[in-house]
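Following: one structure in structure tokens, then a few remarks.
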Amino acid sequence: MHILKINSLFFLPAIFFIFSATTLAEEKNYIKAVTYFGSAWPINYWNSQHKNTESDFSEIKADGFNAVILVVPWGEFQPQVKPAAFNQIAFDRLGDVCRAAKAHGLQFYMRVSYLWDMYPGAQQPHLERTKALFSHDKLMPAWKQYLQRLNATTQGCADGAFISWEDFWHMIPLAASPKTLKESAFLSAQTGFDAWAKKHAEPHFRSKHAATRKRLGAFPFPARNSPDFRLVFQWFDDILANRLLPAAAENISNISMEVRVDDDPIYDGKRIVEWYSHKKTYKIPSSPFVMTYWAPAMGAQNKGEVEPAKKVQDRFSFMQKKIKKETSNKIFIDQFLFSDNTPSAAKNATVDPKEMSAFIQNMAKPLVEHTSGYALWGARNYEASIVFNGAFSLDTLGWIFSNRTSITPADPDFLAKLPQGSTISQAIPVAQDHFRAASETVTLRFLAQGPGIVAVTYAGTTKTEQVSAGSQAIQMVFPRSHSDATLSFTSQSGTVQLTDIYLFSYTQQFGVRDPSGNPLAHLADIRTLNQSIDTLTAKPTRLLAGDQTLQRASGVFASENDNTKWFAWAGPEVHARIFTEAPHITVQGFMKTSVFKHSKGCNLEAYVNGKKILSKKYISDEPIDLKVPVTPPYVGTLVDLKLTSSCKMTPTKRLKGKDARTLSFILNEISTQPTK
């Protein structure tokens, strides 16, 4: 997310049974998802107007997607934690949206314990609440009740859920913030780091700070420029993977975690001495998936470079292979950010705009090769409005209505009715505008109907507008507020009715659809990507060089014909996804060892779903005719077949010409069809 860069009991055995059924059942299709915000954005979706959910889901389905992700903020759904109290309207809306998704043939996933919301009067909001949950168990009972209620509300229509490292990452800069040892020791004790370090820190750290702990009562946090700061990352990973995720898995079905796949620098003074990997969090026992994120900036220098599509695509594949080495879970990229205009990402590496369309369309093969799902962080551009309940679908909640003002239902809308001389207003905390540093102005947009005159005041500036009898869109620009402010509307003449109020300083742009759903430049590219994924993830039982289906496998080059048969050079690593109709996979081709000049011959190895099944050595030129066994649980399912060879050669290095392929062996066919 871009902000950082943003009652029934279910017993444990039942939840594990649900998970086991999921993993043993036939694998679902590749997940192509969007994180859905309706006409709002993640922070105020649940208090926005939901009138277009059905048509939005039809649009999402038509664009080739088969799933939606909803962010579910803890604070808005459970405003009070001591004692626990729930926002029943939010839960009712969640159930409605979940069932609507199911009715439209869309899988439904939830990002739970989302950090941000605007719910008025929430107890221990935002950072304060997640800090408390991370630090100790006092809020654990309330958190579990929130998860249990989500589980009950979405039972029968939800396909999974996940928590995210992003919603707790603020603990890292917090740990690095103390200016003195006394402050550091106090914060360490408060957040639970001291108790963790007492059990888990290396002996040298405990010995080094023993005197400080005796004097101040707690181990201090290591300084950010100290090599010992790796302990803070270890603490963070341990709390997420071994405390919070297991607790969540006891209370909500099929829950995963979005893990941090960026490595973090470890310093010795100003010098980087190593990079810390969060790889110990990548194994998720409570879900088939490990959730991740991706953007072109990952692995780049991020000095504003504009890069060729091929370079970015290669880096994507490298990153996914790196992740797969540390987990047996399937990778689901819940934030696939091919483009990102977030102000904090201004210096990040980007794909060359001239190659962006081709880049998006050509990502089908690496996505299918390395992952089991991807999701756009919103299919529509969104305006980051800082108004709560701007369409009045929650009646007057969040607003102050003066004398004679009221809410008038106007199906499917709700209108705030302001007779002459009346006012409605809403307090806007400055912290509610997460993008306030990006602009010196804010845009106000709303629908109004009169006739009359409306005066709008924000942060001490007042503007007026003549409103006609029919509904009209009005837009105004105000100076940005540098402190808490109030937004107010007053009817100076006549009766004025208002709805759909947005106040924003930033628009998140994806280039797929605009906030109203109108097509933008990359809609056709996304549709092509989704169609290509469907083609690649069909359930083929036979891949042939002769009909070009062999090229669905990665690592296979264009088919050729020598006037006797079709063939394709491949290697040094081939990944094929194939549906098994028989207890073996037949691989036919040719190993031309003579071109490699290896005295010890060439080894060809076969893996099924990551497990090595067989290996064969070829000493001389001879046909490849392998029967790769498939164990009974995988017969009748899609499996991943990997072929690797110890021999490889690049023609340009052996012969004159421009053939830069890396060649290892020849393939004619990969088949799982039963022998007739």
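Please treat every number below as a calculation from the coordinates, not as lab data. Computed from a predicted structure; not experimentally measured. Because the Cβ atoms are built from the backbone with ideal geometry, glycine has one as well, and the counts that use them run over all protein chains shown.
So what is the 222 nm mean residue ellipticity for the chain from helices alone, if each DSSP H run of at least 4 adds -39500 (n - 2.57) and you divide by all residues, rounding to the nearest 500 deg cm²/dmol? Please report the intermediate quantities before stating the final value.
Details: 18 runs with 166 residues, N = 676.
Here the helix-only value at 222 nm equals -7000 deg cm²/dmol.
Hull surface divided by four, with the convex hull built on the Cα atoms of the stretch 290-406: how many nm²?
Its Cα hull, projected and averaged over all orientations, spans 10.5 nm².
Charges on Cβ only, +1 for Lys and Arg, -1 for Asp and Glu, centred on the Cα centroid of the stretch 554-636; of 618, 563, 578, which one is farthest towards the dipole's positive end?
Most positive-ward Cα: 618.
Tell me which label goes with the value of semi-axes √(5λ) of the Cα gyration tensor in Å computed from the coordinates here: (1) 55, 28, 22; (2) 49, 32, 24; (3) 120, 31, 17.
So the calculated entry is the one marked (2).
Can you grab the distance from the C-alpha centre of the stretch 167-188 to the C-alpha centre of the stretch 488-518, Å, no decimals?
First find each Cα centre; the distance between them is then 39 Å.
Kindly provide the trypsin sites (Lys or Arg not before Pro) of the stretch 552-633 that DSSP labels as loop, not H, G, I, E or B, and whose Cβ sees at most 13 other Cβ atoms within 10 Å.
The qualifying sites are 565, 597, 600.
Would you give the gap between the C-alpha center of the stretch 89-126 and the C-alpha center of the stretch 395-448, rounded to a whole Å?
Taking the Cα centre of the stretch 395-448 as reference, the centre of the stretch 89-126 is 23 Å away.
What is the spread of the Cα atoms of the stretch 359-416 along each of their three principal axes, largest first, in whole Å?
Dimensions of the stretch 359-416 along the principal axes of its Cα atoms: 62, 24, 19 Å.
Describe numerically, in nm with one decimal, the distance between label points set 7 Å from Cα along Cα→Cβ at residue 662 and at residue 300.
Result for the modelled spin labels: 2.3 nm.
Any idea what log10 I(q)/I(0) is at q = 0.10, 0.13, 0.16 Å⁻¹ for the stretch 455-585, Debye with uniform C-alpha scatterers and no solvent?
-0.62, -0.76, -1.00
Using only Cα atoms, what is the ratio of the radius of gyration of the stretch 33-181 to 2.2 N^0.38 Å?
Output field value: 1.11.
With both bridge residues required to lie in the chain, what share of the DSSP beta bridges run antiparallel, to the nearest 5%?
Working: 98 of 131 bridges.
Close to 75 percent.
With +1 on each Lys and Arg Cβ and -1 on each Asp and Glu Cβ, and nothing else charged, work out how big the dipole of the stretch 251-381 is about its Cα centre, in Debye to the nearest 20.
240 debye
Answer with one residue from 590, 38, 289: the one whose Cα lies farthest towards the positive end of the charge dipole of the chain, charges on Cβ with Lys, Arg +1 and Asp, Glu -1.
Of the listed residues, the answer is 590.
Mind checking the full-extension length gain between residue 200 and residue 273? Use 0.36 nm per residue of separation minus the Cα-Cα distance, one decimal, nm.
Result: 24.1 nm gained on full extension.
Straight distance only, please: which lysines reach the Cα of residue 199 with their own Cα at less than 22 Å, same-chain residues fewer than 8 apart left out?
131, 138, 182, 208, 214, 279, 280
Hey, got a sec? Which trypsin sites (Lys or Arg not before Pro) in the stretch 188-276 land in a DSSP loop and have at most 16 other Cβ atoms within 10 Å?
Working: sites: 198, 199, 206, 208, 213, 214, 215, 224, 230, 243, 260, 270, 271; in loops: 224, 260, 270.
The qualifying sites are 224, 270.
List the residues, sorted by chain then number, that are 5 or more residues from residue 613 or on another chain and whose placed amide H is less than 5 Å from its amide H.
HN-HN under 5 Å from residue 613: 606, 607, 608.
So how much slack lies between residue 615 and residue 51, counting 0.36 nm per residue of separation and subtracting their Cα-Cα distance, in nm?
Length gained, residue 615 through residue 51: 197.2 nm.
Taking the alpha-carbon set of the stretch 226-312, what are its Rg and Dmax in Å?
Using the Cα atoms of the stretch 226-312, the pair Rg, Dmax is 16.2, 46 Å.
For the chain, what is the charge dipole size about the Cα centre, in debye to the nearest 20, if Lys and Arg each add +1 at the Cβ and Asp and Glu each add -1 at the Cβ? Each step should come with its number before you reach the end.
Details: 75 positive and 61 negative charges, 491 e Å.
Roughly 2360 debye, rounded to the nearest 20.
About the Cα centre, and with charges only on the beta carbon of Lys, Arg (+1) and Asp, Glu (-1), how big is the dipole of the stretch 164-242? Nearest 20 debye, please.
560 debye
At 7 Å along Cα-to-Cβ for each site, give me the label-to-label distance between residue 321 and residue 524 in nm.
3.4 nm
Once label points are set 7 Å from the Cα along Cα→Cβ at both residue 648 and residue 562, what is their separation, rounded to one decimal in nm?
About 2.3 nm, to one decimal.
Over all Cα pairs of the stretch 139-234, how is the pair count split among 5 Å bins, expressed in % and running from 0 up to the last occupied bin?
Final binned percentages: 2, 12, 19, 19, 12, 9, 9, 8, 6, 3, 1, 0.
In the stretch 448-563, with Lys and Arg counted as +1 and Asp and Glu as -1 at Cβ, which of these residues, 550, 491, 461, has the Cα nearest the positive end of the dipole, that is, farthest along it?
Farthest towards the positive end: 491.
Using only C-alpha positions, report the orientation-averaged shadow area of the convex hull of the stretch 549-608, nm², one decimal.
Over every viewing direction, the Cα hull of the stretch 549-608 projects on average to 5.4 nm².
Any of 321/616; 365/616; 617/642; 322/347; 611/642; 82/144 with alpha carbons more than 18 Å apart? Name them for me.
Over 18 Å apart, Cα to Cα: 321/616; 365/616; 322/347.
Taking only the alpha carbons of the stretch 564-676, what extent do you get along each of the three principal axes, in Å, biggest first?
Result for the stretch 564-676: principal-axis Cα extents of 48, 27, 25 Å.
I need the trypsin sites (Lys or Arg not before Pro) found in the stretch 147-190, filtered to DSSP loop residues with at most 13 other beta carbons within 10 Å of theirs.
Passing both the DSSP loop test and the Cβ count: 179.
Grab the Cα-Cα distance for residue 622 and residue 86, subtract it from 0.36 nm times how many residues apart they are, and report the gain in nm with one decimal.
On the way: separation 536, 0.36 × 536 = 192.96 nm, distance 6.98 nm.
Extending this stretch completely gives an extra 186.0 nm.
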